[in-house]
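The values are calculated or read from the model by the stated rules, or taken from the named source; none is laboratory data. None of these values were measured; they are calculated from a predicted model. Don't worry about glycine lacking a Cβ; one is built from the backbone with ideal geometry, like all the others, and counts go over all protein chains shown. These area figures cover heavy atoms from the full protein model, side chains too; ligands, DNA and RNA do not enter into them. Shrake-Rupley method; radii C 1.70, N 1.55, O 1.52, S 1.80 Å.
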Amino acid sequence: MPTVLKQLWRGPPDLMYAHSFLQCMQASVKVLHLLPSSAMAQDLVDLSSEYQFWLRKLSIWDQASTLETQQDTCVHLPQFQAFLSQMYEALKEMDSNTVIERFPTIGQLLAKICWNPFILAYERKLTTQELSISDPEPTRRKNHTKLSFTHGPGCLFCEFNESQKILIWCLCCLIKKEPLNSGESKLNSWIRSLLSHILSAFRFDVKEVGLFCQGLGYAPADYYPGLLKNMVSSLVSELRENHLNGFNTQRRMAPERVTSLSRVCVALVTLPDFEPLVEALLTYHGHEPQEVLWPGFFEAVNEAILLKKISLPTLAVVCLWLRHLPSLEKATLHLFEKLISSERNCLQRIECFIKDSLLPQAACHPAIFRIVDKMFRCALLETDGAPEVLVALQVFTQCFVEALEKENKQLKFALKTYFPYASTSLVMALLQNPKDIPQGLWHQPLKHISEMLRETVEGQTTRSHRGGFESWFLFIHFGGWADIVAEQLLMSEAEPPEALLWLLAFSSSPHDGSQQRAQTMVEVKVVLGRLVKLFRSPTLSGQDLQAAASESREADSRPLVCQQLIRLLLLSFLLWAPGGHSIAREVITFMAQTEDITHEIIGFLDQTLYRWDQLCIEAPRPRKVARDLLTELLAQVKHSPVDHVAAVQGRSGSPRPRDECHEFVQ
Amino acid sequence: MEPLLQHLERFSEVLAVSRTTHVSTWDPATVRRALQWARYLRHIHRRFGRHGRIRAALERRLHNQWRQEGRSGPGTAPGLTNFQSLGRCDILLAVRLLDNRALGHAAYHHLLQQLFPGPGVPDTDEETLQDCLSRLARRRSAVHMLHLCGYRENPVVQEESLVKTQVELLLERLQEVGKAEAEGPSKFLSRLWERLPQNNFLKVIAAALLLPPSSPRPQEEELELGVPQTPGEGRQELVRWLLGKSDIMVVFCRNLPARLLASVVGRHPALSRVYLGLLTDWGRHLHYDLQKGSWVGAESQDLSWEELYNRFQSLCQASPPLKNEVLTTLESYKAQDGDFEVPGLSIWTDLLLALGSGT
């Protein structure tokens, strides 16, 4: 990370996950794989020491009868499941005699697990990363941090598993098909009683209920679902009643009870029967000033939502994110990760991911919007303004504005609460959907926007750099306007308006000083003049276009930003000029000298097509050309794949147009 | 169709045997076949869920069989009682076999292999038996955990989850019994009465009688659920049964709390008349003890004055029509006794005075 960035990194305390995000981005560049099991013996030694640790833990936990043991159990559930999985992997390789020899107390261990309802109820996906950090006491074992057992595809670590399923598998490993002596028979019968206990015993102290159901001829499988449903709905109505009536209700729920309930949910959050209770807890606000729900509950629910194990109403999700900021940050990072690892340059898909994340809807609450926005800002700075992040931010903003309109025609919160540092009139102007304005009049709002931005950027003397960045950051949220500028300049035959030229130069290179920007504007204006002249020409050749784009002075002296802007103009020209279509392929082949530029062109085409769809622009021919070119280029890129994550990250090698976008923030 | 029905019959027999010691003769192959049958029937359940005629035919056969089993002796668990139960017949079989200690080691070992093949993702969309069983176990733990922390009994009996669940099961069963045999419900209930803990049974009956009259379910949902739930019918069966069994009715009125009874009879006028009759009977057993200056029972099992008063008072508070009925009845007895206004002469006068000042 450049030192400038480090100084810039004013990571507010609530953004503690942003660092881990960056780490995870770095980690995903490396190919993640667990080392093959080099020494089985060593593995077993490791396992034995873990075994002792968990046996002690289980003895302390007993049957999860006290508050402290419940809490401790909940905290350790994921690690315990990882251990149990390792245990199974080891057991299935041994015959039961060896098992008993190696782990003489295995019976004690398994029996204790069978009596712990929290463990029996738990289900979670274990990721490879988690497994590598699953060591319960990192300091206890210094040299063996790597995971011992290797797993092929479809191994049990890669899927969702209930702890009790793994426990059952462990028990199955111990049972003898044909016991040879009374000792083995005894062991068999003991394991059978444990299995029966896990699966069917009615173990809570209401004997007559069990008798009644059996008397009616029902098996536990018949009445557990109904019983659980009734218990859950009773609790839900109790919570609602409490929430509405507060102190007046007779059955007032003590805060400790609510906490305890939320703790129970940690293990059971992915059980569909629990969804109503989870929802009721999230939307329940007690009458105490401090948070009554257990922090682990928020984490478990958030994870289940992100992994699509449950689906809750948006309102409940918003409550979750408002009550627990780390969850919101995790959700945002999860979205980022998904966007990064998904196929590049498919805005439709990006839109789907973003909408699917529920973040735009949740962002209608200003507090959530501002956190998510802050994280986008960090991501933009950390990736040196990567186009992928830029595009994601634009799509996010668009989805957010849609959600905002859908939620309330009249804004519930003032715009100022979403964009506290921007002038309201600028935000209002940017918030206008170009679609609502006739195409012929687009230059007017653009001019207006440009003037307002310019005033902020150039008008100030103090803090002007910072103001410049903030203005740019605000502007690029609204990709709809930013992308129109080049097209507008090309299509009008009149003298290109200064305001539009400025906006074009500013949006692509916000850090330039006014002198530098003026020079860019001059360059662009020259090329633009030539292109406008060629626009109506019936016969065009690739050379004409190259000549139009060529430098007036010696080659390669143009700044990178300027080169990029000219490519942008050329591409727009190819799509819109009647004679451009026939030479498009030739020109693009010539232009796409490097992989970076190819990606830039792909991005441009994808964005353009997406924008035309959004704005309902009727342009059958340009659309067809753009789509054909896009398909071709994508196919071309597919044959020479690059590490996408590395592409997003590793900008340090080749100078990127926005490499210094952070500098002016200083 | 007939082969399918025979299959069904045969499987019901297997299911019945699965809880007995006969399974000691089963070998791994038998276990495998039994599970295969169960899987086949589950498939039938999924396949014909929306075929009204096939469902009806299957259910008829199940009911016939149930009736025959019922005659062979009380206490047999029905196993398959309706079309819906076909959907979980494999779990039922699996759990019964897992619990059956008579199953030999080799057969049990094979059962485990079949039920819990271990990790590895099957390609089918269908939920595996392993998943079903583990969800059952999760739910069991869930119930246990909720009981352990957070859950409190609901003071309103009919809303109490345990009672509510039992009510649902009872009404469902009553309806099936009603379909299977004409005099079924009453006989069935009497059989239950002999076998089950009585106080819990009474509480469940009371809660069932308190259910609000339900609106008819839409047809589609009925198809989906398999069991058309019309608790109304079941409730009428319960009322009829109680009215037919005076000894049980006495226990019902004697053992349940006053307020619960008052709300139950408030919903069912036929019961309120009997209840009122019983209360006056119990009242007649009391005589005025001049020395103590209060009404006392001749025998120890007689209802005390306080309890009697409490019951009348609850009735008066239950609903205005019930209150009128109670007061009119008491007035008429008071008139029969000579219409005294002085306390200590007629229990009815004293009850009316107490109620007058108390309400």
Item to check | Options A:Thr397, A:Thr383: the member that is over 24 Å from A:Leu609 (Cα atoms) and among the hydroxyl-bearing types (Ser, Thr, Tyr) | outcome: A:Thr383
Checklist entry - Any idea how many residues of the stretch B:293-315 are open to solvent by less than 50 Å² (accessible area, probe 1.4 Å), within 29 Å of the chain's Cα centre (by Cα) and over 19 Å from B:Pro343 (Cα atoms)? => result 4
Item to check | Conditions (1) within 14 Å of another protein chain (Cβ to nearest Cβ); (2) within 18 Å of A:Phe118 (Cα to Cα); (3) open to solvent by less than 30 Å² (accessible area, probe 1.4 Å); number of the one not met by A:Trp294 | outcome: (3)
Checklist entry - Which of (1) acidic (Asp, Glu); (2) surrounded by 22 or more Cβ atoms within 10 Å (Cβ to Cβ); (3) facing chain A (nearest Cβ under 7 Å) does B:Glu159 not meet, given it meets every other one? => result (2)
Item to check | the stretch B:161-188 residues that are farther than 17 Å from A:Tyr223 by Cβ and at pLDDT 85 or above, paired with ones that are open to solvent by 10 Å² or more (accessible area, probe 1.4 Å) and among the polar types (S, T, N, Q) (beta carbon under 7 Å, 6 or more apart) | outcome: none
Next on the checklist: Restricting to the stretch A:618-628, count the residues that are open to solvent by 10 Å² or more (accessible area, probe 1.4 Å) and touching a residue at least 40 places away in the same chain (Cβ under 8 Å).
Outcome noted: 3
Checklist entry - Does the stretch A:312-334 contain any residue that is of a type in the set (S, T, N, Q), under 30 Å from A:Arg627 (Cα atoms) and in a helix (DSSP H, G or I)? => result no
Checklist entry - Limited to the stretch B:334-359, what total is found for residues that are in a helix (DSSP H, G or I) and surrounded by fewer than 18 Cβ atoms within 10 Å (Cβ to Cβ)? => result 7
Item to check | Qualifying position, being out of contact with any Leu (no Cβ under 8 Å at 6 or more places or on another chain) and open to solvent by less than 40 Å² (accessible area, probe 1.4 Å), among B:Thr280, B:Thr329 | outcome: B:Thr280
Checklist entry - How many residues does the stretch A:307-341 contain that are open to solvent by 40 Å² or more (accessible area, probe 1.4 Å) and at negative phi? => result 14
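Results for (1) open to solvent by 30 Å² or more (accessible area, probe 1.4 Å); (2) part of a helix (DSSP H, G or I); (3) modelled with pLDDT of 85 or more, shown as yes or no for each residue.
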site: A:Leu490; (1), (2), (3): no, yes, no
site: A:Glu495; (1), (2), (3): yes, no, no
site: A:Leu501; (1), (2), (3): no, yes, yes
site: A:Phe506; (1), (2), (3): no, yes, yes
site: A:Thr520; (1), (2), (3): no, yes, yes
site: A:Leu528; (1), (2), (3): no, yes, yes
site: A:Val532; (1), (2), (3): yes, yes, no
site: A:Pro538; (1), (2), (3): yes, no, no
site: A:Ala547; (1), (2), (3): yes, yes, no
Checklist outcome for this item: In the stretch A:248-275, anything part of a helix (DSSP H, G or I), surrounded by 18 or more Cβ atoms within 10 Å (Cβ to Cβ) and not charged (D, E, K, R) is listed as A:Val258, A:Thr259, A:Ser260, A:Leu261, A:Ser262, A:Val264, A:Cys265, A:Val266, A:Ala267, A:Leu268, A:Phe274
Item to check | Unmet criterion (only one of (1) at pLDDT 90 or above; (2) at the interface with chain A (Cβ under 9 Å from one of its Cβ atoms)) for B:Ala102 | outcome: (2)
Next on the checklist: Every residue in the stretch A:342-351 that is buried (at least 20 other Cβ atoms within 10 Å of the Cβ) and of a type in the set (S, T, N, Q), please.
Outcome noted: A:Asn345
Item to check | Residue that is farthest from the other protein chains (Cβ to nearest Cβ), among those in the stretch B:141-156 that are part of a helix (DSSP H, G or I) and open to solvent by 10 Å² or more (accessible area, probe 1.4 Å) | outcome: B:Leu148
